[in-house]
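One structure is given below, encoded as structure tokens.
The values are calculated or read from the model by the stated rules, or taken from the named source; none is laboratory data. Everything quoted here is computed from the prediction, not taken from an experiment. Cβ placement follows ideal geometry from the backbone for every residue including glycine, while neighbour counts extend to all protein chains displayed. Side chains included, ligands, DNA and RNA excluded: accessible areas come from the protein's heavy atoms. Shrake-Rupley method; radii C 1.70, N 1.55, O 1.52, S 1.80 Å.
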Amino acid sequence: MDLHVPVEKDLLLAALNAIMPRFPYFSHRIHSGFFWYYLMQNSRPLEVYEEVSAPCGHLDLRKGANGYMFKVLYTGHRIAVEYFHALTDGTGGITFLKSLVAEYLRQRGNVVEADPQVLLPDEPVDPQETEDSFAKIYRPMKSVFDLESRAFHYNPRGAHYSDDHSLISAVMNVDQVKEQAKKWSLTITEYLVCEVLSALQELQKRTVPSEKRWRPVRLSVPVNIRRIYGSKSLRNFTLFVVVGLDTNLGTYSFDEIVTSVYHQMRGKVNEKSLSLQISRNVAGRRIPLIRYAPNVLKRPLMKLLSDSYGDSIYSSVISNLGNVTLPDGMEKDVRRVDFSLSPSQKNKFALAVISAKGQLVLNITSILAHNREFERLLLVHLVRKGLKVTVDSNG
Amino acid sequence: MAYCVECGVELAPGTQQCPLCGRKVIAPKEIIQEKEESLFPSPSYGTVRNALRLDKYRQGITELVLTFAVIAILTLTITGVAFGSVLMFWRPAAYIVTGTSFFLVLLFSTLNYRNIATWYSLLTILTLIVADSHDLQFTWVAYPFTGLILFYTFSVFMLYRRIPIAVRILISVTVLLASLALFDLFTHHALTWFIPVGVPVVAVVIITLCVTFIRYVKGNPSITEMILMLLLSASISTVSGDFFALRWKESDSLLSWSFSLFVISLLLCVFIIITMSVKKVRYYFHNKIT
């Protein structure tokens, strides 16, 4: 969150210490055992760090942030938190950040009004906030694994890669984007998914000259399933749906992309399909053979499975956190809200969307150094649709 | 605020260059405006790599293979201890190490013929040494070892384009001669057939191949002619082997089993000379007529 007021380190640390009892699950550290990873209470002191490197860098879980699975960062006018995904997801993350910033502003003398996503330090902890919702709603179902083929991955020739992610930030007016999405009877997420798929299709056309070598372009879209299951958990409770286009069937026009994405999203984002996915995910850890297999075997196997059933089958990720409301007492001091995801080695860019104060911010992080081909394709597409896009970068 | 004329996007205040296409902004200062506080810290690109980090898939396979290898070696060591000697099963353990290395080479080395051939030659030698090291007495490993060196010299080293071709040929011939000398030494514990048979045969091979090469470079031959010349080189070299072997054995006859091959060589030679002459005669008359 970018503020209009300067950020003072000591005050920020005091705010962090004040809100931590309200987030008991966040004060855990991960411990590698013989059979599985444990979460243990972390008694080490909390710290805040100056933001010196590009966003979403490597988080050392042992020493990085005194063993905590999140890291609070600050610069002149900015407070940021980086999370390890096993700890929480976007919703949990934004709740923590909002509570932290609210407490910081409160300590500066602001009177911050109540907000469902701003948890107060003196409130009692709701047990539902720390529950494992996956385990709670799990019910055994007969499930079949759909084996998806490998998707298109952008591998430019002579590319340079860096652990310091490059970032392109595009700011748009939420109402303009909403209006554009309404033209096609889509939600903002669906509309952006269509635009990204269209850009990926174009990117494949440009970079893979032989049509025989074309692969489907797919996107992984995280879905906030709290509303569907009525969960209040601040732990990781998100599922991904994969939507895409089989470009081997030919080039898709934007109309065709819209129709396809509309039906795919509605076919996949419903309680039955999601319950099946949860059943699949949770069933694995209930099998005694897997449960009691030593970590040295489980860890490499999980890496293999994660690549085969995860990163390989989609070309990128787009996550929309939705509209972030800011309560009175906070709104006037917050200039802008950002959200970024960490790209992987296979999917070289990740897209993160967040809206606040009438602005929609689309952040594209990439491991490619000095290569903006995809970002340019996507944003030029948006400009051609009549959207006003303001672009900034970190490099 | 400024706009990029190439991409059509509005640029954030203070931007001097479009982040998407790199086009420089040429506009008055009032339009470009003052730079606000940086959005995020700039990437230092201090660790820019030409290749990706090990992906999870390769990482997973590597960890799995290493885990199994370590478990297998530990099991062997414990069994050895139980039977009274830690090093009792050192050979199976060494096989596990070399076998694992064969696999890991595929995952880690750059996949090209030269790399793989070099690594696999080295690992094959190691495996053979282990296989022949019963009671630390080496018996037969020298033969495949020499064969591998020959394979490496002619199939891999000859492809090193950075080294001049003349040097490559010279080194390869030296290696060939040295290998033959070693074969002779291993078999008879002294140089017996190497000088009277090995050296002259190698000389014949080199001369015939040089003639073929000169013909290829200077004469613009057809593919058929080149194949015939290579066949001729092979047959002459084989005949010379028989010839020099008989001289070494002080036999009275000039050739024994290779006589028919010698006749074929003569026929091939005549055929090649006729083909070349006919070609020249045809060209001569063709030019005269035109």
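Some values worked out for this structure:
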{"read-out": "For residues of A:362-372, the mean tally of beta carbons on other chains within 10 Å", "value": "2"}
{"read-out": "Span-like helix ranges in chain B, DSSP H, alpha carbon extent 27 angstrom or more, Kyte mean at least 0.0", "value": "B:56-82, B:165-188, B:199-219, B:223-248, B:259-289"}
{"read-out": "Those residues of region B:15-35 for which accessible area with every protein chain present is at least 50 Å² below the isolated value (1.4 Å probe)", "value": "B:19, B:20"}
{"read-out": "Centroid-to-centroid separation of region A:1-35 and region A:99-160 [C-alpha atoms, Å]", "value": "15 Å"}
{"read-out": "Cα-Cα over 21 Å, subset of A:98/A:272; A:71/B:35; A:178/A:385; A:272/A:303", "value": "A:98/A:272; A:71/B:35; A:272/A:303"}
{"read-out": "For region A:155-183, residues shielded by at least 30 square angstrom of accessible area compared with the chain on its own, probe 1.4 Å", "value": "A:160, A:161, A:162, A:163, A:164"}
{"read-out": "Chain A - mean residue ellipticity at 222 nm from DSSP helices (-39,500 (n - 2.57) per run, n ≥ 4, rounded to 500)", "value": "-10000 deg cm²/dmol"}
{"read-out": "Two-site label geometry, residue A:128 and residue B:97: point separation in nm, points 7 Å out along Cα→Cβ", "value": "6.1 nm"}
{"read-out": "Cα→Cβ-extended label distance, 7 Å offset, between residue A:20 and residue A:141, nm", "value": "4.0 nm"}
{"read-out": "Å² per residue, accessible surface of region A:2-123 at 1.4 Å", "value": "45 Å²"}
{"read-out": "Loop sites in region A:52-99: trypsin sites (Lys or Arg not before Pro), DSSP, at most 12 other Cβ within 10 Å", "value": "A:62, A:63"}
{"read-out": "Within chain B, longest stretch free of exposed GluC sites (Glu not before Pro) [DSSP loop, at most 13 other beta carbons within 10 Å]", "value": "B:38-249"}
{"read-out": "10 Å Cβ shell holding at most 14 others, DSSP loop, chymotrypsin sites (Phe, Trp or Tyr not before Pro): longest site-free stretch of chain B", "value": "B:161-256"}
{"read-out": "Length released on extending from residue B:217 to residue B:263, taking residue separation times 0.36 nm less the Cα-Cα span", "value": "13.8 nm"}
{"read-out": "Difference of contour (0.36 nm per residue) and Cα-Cα distance, residue B:83 to residue B:113", "value": "6.4 nm"}
{"read-out": "Helix-only mean residue ellipticity at 222 nm for chain B, each DSSP H run of n ≥ 4 adding -39500 (n - 2.57), per residue, nearest 500", "value": "-22000 deg cm²/dmol"}
{"read-out": "Euclidean distance of C-alpha centroids, region B:58-115 and region B:164-225, integer Å", "value": "40 Å"}
{"read-out": "Modelled FRET efficiency - R0 25 Å, residue B:133 with residue B:191, Cβ distances, 0.05 increments", "value": "0.40"}
{"read-out": "Chain A - percent relative contact order, Cα under 8 Å, separation 6 or more", "value": "24 percent"}
{"read-out": "Kirkwood hydrodynamic radius of region A:160-393, Cα pairs, Å", "value": "19.4 Å"}
{"read-out": "Gained length - residue A:211 relative to residue A:84, 0.36 nm times residue gap less alpha-carbon distance", "value": "41.8 nm"}
{"read-out": "Anisotropy class of chain A from Cα gyration tensor, a/c 1.5 cut", "value": "oblate"}
{"read-out": "Surface share of carbon and sulfur [accessible, 1.4 angstrom probe, percent] for chain B", "value": "72 percent"}
{"read-out": "Filtered trypsin sites (Lys or Arg not before Pro), region A:129-197: DSSP coil and at most 13 other beta carbons within 10 Å", "value": "A:142, A:157"}
{"read-out": "Interface B:A - total buried accessible surface [probe 1.4 Å, Å², rounded to 100]", "value": "4100 Å²"}
{"read-out": "Separation of the residue B:55 and residue B:141 label points, Cα + 7 Å toward Cβ, nm", "value": "3.9 nm"}
{"read-out": "In region A:73-173, chymotrypsin sites (Phe, Trp or Tyr not before Pro) in a DSSP loop with at most 10 other beta-carbon atoms within 10 Å", "value": "A:145"}
{"read-out": "Nearest-0.05 FRET efficiency for residue B:173 and residue A:66, computed from C-beta distance (R0 56 Å)", "value": "0.25"}
{"read-out": "Residue A:359-residue A:179 FRET efficiency (beta carbon distance; Förster radius 22 Å; 0.05 resolution)", "value": "0.90"}
